[in-house]
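The values are calculated or read from the model by the stated rules, or taken from the named source; none is laboratory data. Please read all numbers here as calculations on a predicted model, not as lab measurements. FYI the Cβ positions are ideal-geometry reconstructions off the backbone, even for glycines, and counts take in every protein chain you see. These accessible areas exclude ligands, DNA and RNA; they are computed on the full protein's heavy atoms, side chains included. Shrake-Rupley method; radii C 1.70, N 1.55, O 1.52, S 1.80 Å.
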Amino acid sequence: MEHSGTGDPDRILPLLWRHHATSPDRPAAGRRPKLTVDDVVGTAIAIADADGLAAVSMNRVATALGVGTMTLYTYAPSKGELLDLMVDALLVAKALPAPGEPRPASWRQQIELYAEATLAQYHLHPWLGQISTVRPPIGPGMLADSEYVLSTLVGLKLSARDTTAAADAITAFVTATAATESEAADLERRTGQTNDAWWGERDRPWQEYFDPERYPTMNTIWNAGGFDSSTGPAMSSAHAFGLARLLDGIEASA
């Protein structure tokens, strides 16, 4: 597990806000560079998509771009800053409706749009689940994500504290389930074996060790068909059910 926010805050902020402020997208002095920060970030993301997060190193990115490693440090001071730039770039790429832009009519549909966009990003970039964002740097992608989720809830007339609590609960649930689903899909892709096939090879505990009297609830639900769904649909159903019940609870408290 990697952690965001490990870089120098004074160095990462101008890089994160390079398209929104006066900070230059190039070294401070010398010849006009052949690369941009966007080039570096895009290449790092492509490497992580192809070979996993562990494959991302300053040397690997520099080699892919055809420059020396020391040259790369003029664009991303360290791997810590590079990871922050990668995560925020993908948050920006979600392209959730900004203030004044068209969006679904109901607040629940707006949250569902957020959930779908988040899940799509984790499926495209499963390594996102390997980066903890407990201490994220404040970039445009992070703020756009937070602004959108908060804006979906203001019509419910919750208190300010309850609005932020509801937004945090939604974000935590959606990102956690998206990370789990994308990890399962990525395992199938990398191993060539479906999750159902993997479980099928490991059914010995059910045949030899499972005691219906010790686990009566599981046994009852099993016999009633509660575990009949295959892994993928079961995870999708759990996500949809959990999100719907979470939104029910938020709506009931308004």
I'm trying to understand the selection: among the residues of segment 45-81, which are within 21 Å of PRO9 (Cβ to Cβ), assigned to a helix (DSSP H, G or I) and free of Cβ contacts under 8 Å to residues at least 60 places away in the same chain? MET58, LEU72, LYS79
Index of the failed condition, THR180 passing every other in (1) open to solvent by 60 Å² or more (accessible area, probe 1.4 Å); (2) in a loop (DSSP other than H, G, I, E, B): (2)
Give the residue that is modelled with the highest pLDDT, with candidates limited to residues of segment 45-79 that are under 26 Å from GLU183 (Cα atoms), open to solvent by 70 Å² or more (accessible area, probe 1.4 Å) and of a type outside the set (A, V, I, L, M). ARG60
Here is a check on your reading of the model: is ALA185 within 19 Å of the chain's Cα centre (by Cα), within 21 Å of GLY242 (Cα to Cα) and at pLDDT 95 or above? no
Of everything in segment 101-126, what is open to solvent by less than 30 Å² (accessible area, probe 1.4 Å) and more than 10 Å from the chain's Cα centre (by Cα)? Give them in sequence order. GLN110, ILE111, TYR114, ALA115
When you go through ASP211, ASP228, ASP203, ASP196 one by one, which is the residue that is acidic (Asp, Glu), surrounded by 11 or more Cβ atoms within 10 Å (Cβ to Cβ) and on the phi < 0 side of the Ramachandran plot? ASP196
Search segment 124-143 for residues that are among the small types (Gly, Ala, Ser) and pair each with any residue that is surrounded by fewer than 20 Cβ atoms within 10 Å (Cβ to Cβ) and in a helix (DSSP H, G or I) when their beta-carbon atoms are under 6 Å apart and the residues are at least 6 apart or on different chains. GLY129/ALA179; GLY129/GLU183; GLY141/VAL92
For segment 147-167, which positions are open to solvent by less than 50 Å² (accessible area, probe 1.4 Å) and either among the small types (Gly, Ala, Ser) or within 16 Å of the chain's Cα centre (by Cα) (or both)? TYR148, VAL149, SER151, ALA166, ALA167
Which condition breaks for GLU251 when tested against (1) assigned to a loop (DSSP other than H, G, I, E, B); (2) among the acidic types (Asp, Glu); (3) under 30 Å from LEU113 (Cβ atoms)? (1)
Do we find that ALA98 is assigned to a loop (DSSP other than H, G, I, E, B), open to solvent by less than 60 Å² (accessible area, probe 1.4 Å) and under 16 Å from ILE131 (Cβ atoms) in this structure? no
Do you know which residues across segment 118-157 are over 15 Å from ASP84 (Cα atoms), modelled with pLDDT under 95 and either of a type in the set (S, T, N, Q) or in a loop (DSSP other than H, G, I, E, B) (or both)? LYS157
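One line per residue, one yes/no per condition, for (1) modelled with pLDDT of 60 or more; (2) open to solvent by less than 100 Å² (accessible area, probe 1.4 Å):
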residue: MET1; (1), (2): yes, no
residue: SER4; (1), (2): yes, yes
residue: ASP8; (1), (2): yes, yes
residue: PRO14; (1), (2): yes, yes
residue: ALA28; (1), (2): no, no
residue: LEU35; (1), (2): yes, yes
residue: ASP39; (1), (2): yes, yes
Selection count where residues are closer than 30 Å to LEU124 by Cα and in a loop (DSSP other than H, G, I, E, B), scope segment 188-225: 5
